[in-house]
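Below is one structure, written out as structure tokens; comments come after it.
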Amino acid sequence: MDVLWVIPLLLIPLLMWTSSTFVFYFKKCFYVAYMMVLALFAIPLCILKSGGRDVENMRIIRALVRHVKYFLGLRFDVSGWEHLQTEGPYVIISNHQSSLDVLGLMEILPDRCTMIAKKELVYAGTVGLICWLGGIVFINRKKTSDAKSVMADAAKTMLDDQIRLWVFPEGTRNQRGDLLPFKKGAFHLAVQAQVPIIPVVFSSYSNFYLRKEKQFNSGTIRLKILPKIETKGMTSDDVSSLSDKSFNLMRSAYLSVSDFVTQSNGPLRH
């Protein structure tokens, strides 16, 4: 019977070497399970540190998550760090490709910064609980009136508590090789609070991660932090133009950094 336990242990490295599909599912399952385990460790630490829900708990979450990239064979190449050296509250916006974005987010997350995320995330077991403890703002994307109310409250909280918020303006995950049109919530938030917007661009994951083709290799992700966009003096009438300006800047940067990564590492063969 003891020999039967050895067979799976021998099969795993063999499959890791010979099957890209096995590697894909193994890495995905490991990532989800390991993040849940890390959350389990983080929950009591956050409660001991802050007594409950507090944006300062994101420091603990950031410290615990930053090493996960090594297990997945990922590396981040960050440029534009100086643009995050901005005092006071601001809104960070970035493109959204997969759950792996969390690793890049934690790589550069400034102090007193949390996220705006879909409401369903709060039900994701230990990960949902640690997100709540980290002060993440949950919105119901299916109810526009609820989302607007949450954004209005978030703008007040930003100013009262001097926090920063990270938003994915595409509104959903996107691996189509370009950016999706931006939803306006992040820009209403920034204008209402009269705080700057700092765009952050993740290069395309297509050189190492293809979901439909079930491939997940090692790779480098370029993170480009762009100069802040001021909103002082703007009103709701300026939201559309602010959104368009941000989209154009980020799309140009996305195509540029993605092309650089592809030339450096070559496209993922499938």
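The values are calculated or read from the model by the stated rules, or taken from the named source; none is laboratory data. Everything quoted here is computed from the prediction, not taken from an experiment. Ideal geometry is used to build each Cβ from the backbone, glycine not excepted, and the neighbour counts take in all protein chains shown. The protein model used for the area step is the full one, side chains on, heavy atoms only, and it has no ligands, DNA or RNA in it. Shrake-Rupley method; radii C 1.70, N 1.55, O 1.52, S 1.80 Å.
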- Whole-Hz couplings from phi, Karplus 6.51/-1.76/1.60, listed for the range 62-70; x for Gly and Pro: 4, 5, 6, 8, 4, 7, 4, 4, 5
- How large is the charge dipole for the chain, taken about the Cα centre, if only the Cβ atoms of Lys, Arg (+1) and Asp, Glu (-1) carry charge, to the nearest 20 debye? 560 debye
- Query: So what are the ³J(HN,Hα) numbers for the range 192-203, from phi and the Karplus equation (6.51, -1.76, 1.60; θ = phi - 60°), rounded to whole Hz, Gly and Pro as x?
  - Reply: 4, 8, 6, 10, x, 10, 10, x, 10, 10, 8, 5
- Message: Can you tally the net charge around V102? Count Lys and Arg as +1, Asp and Glu as -1, for every other residue whose Cβ sits under 13 Å from the Cβ of V102.
- Response: +2
- For the chain, dividing by residue count, accessible area per residue (probe 1.4 Å) in Å² works out to 52 Å²
- Query: Per the 1.4 Å probe, what fraction of the accessible area of the chain, in percent, lies on carbon and sulfur atoms?
  - Reply: 59 percent
- Message: Taking the alpha-carbon distance from K148 and a cut-off under 23 Å, which lysines remain once sequence neighbours fewer than 8 residues away in the same chain are dropped?
- Response: K118, K119, K156, K183, K184, K232, K245
- The helix 144-161 Cα axis meets the longest alpha-carbon principal axis of the chain at an angle in degrees, between 0 and 90 and rounded to 10, of 80 degrees
- Note on the structure: Residues other than V257 with Cβ under 10 Å of its Cβ, Lys/Arg counted +1 and Asp/Glu -1, net out at 0
- With θ set to phi - 60° and the Karplus curve 6.51 cos²θ - 1.76 cosθ + 1.60, what are the ³J(HN,Hα) couplings of the range 216-226 in order, to the nearest whole Hz, using x for Gly and Pro? 8, 9, 6, x, 10, 10, 8, 10, 10, 9, 8
- Task: Any chance you could check the Cα centroid distance between the range 109-136 and the range 166-237 for me, in angstrom?
- Result: 18 Å
- Listed by chain and number, the residues whose amide H is under 5 Å from that of I92, excluding neighbours fewer than 5 places away on the same chain and using placed H, are L165, W166, V167, I198
- Whose amide H sits under 5 Å from the amide H of C113, counting only residues 5 or more places off or on another chain, with H placed in the peptide plane? R164
- Note on the structure: Restricting to aspartates and glutamates and to Cα separations under 15 Å from K69, and discarding same-chain partners fewer than 8 apart, the set is D77, D101, E107
- Task: When a/c is below 1.5 the answer is rounded, else prolate if a/b is larger than b/c, else oblate, so apply that to the range 137-195 with a ≥ b ≥ c taken from the square roots of the Cα gyration tensor eigenvalues.
- Result: prolate
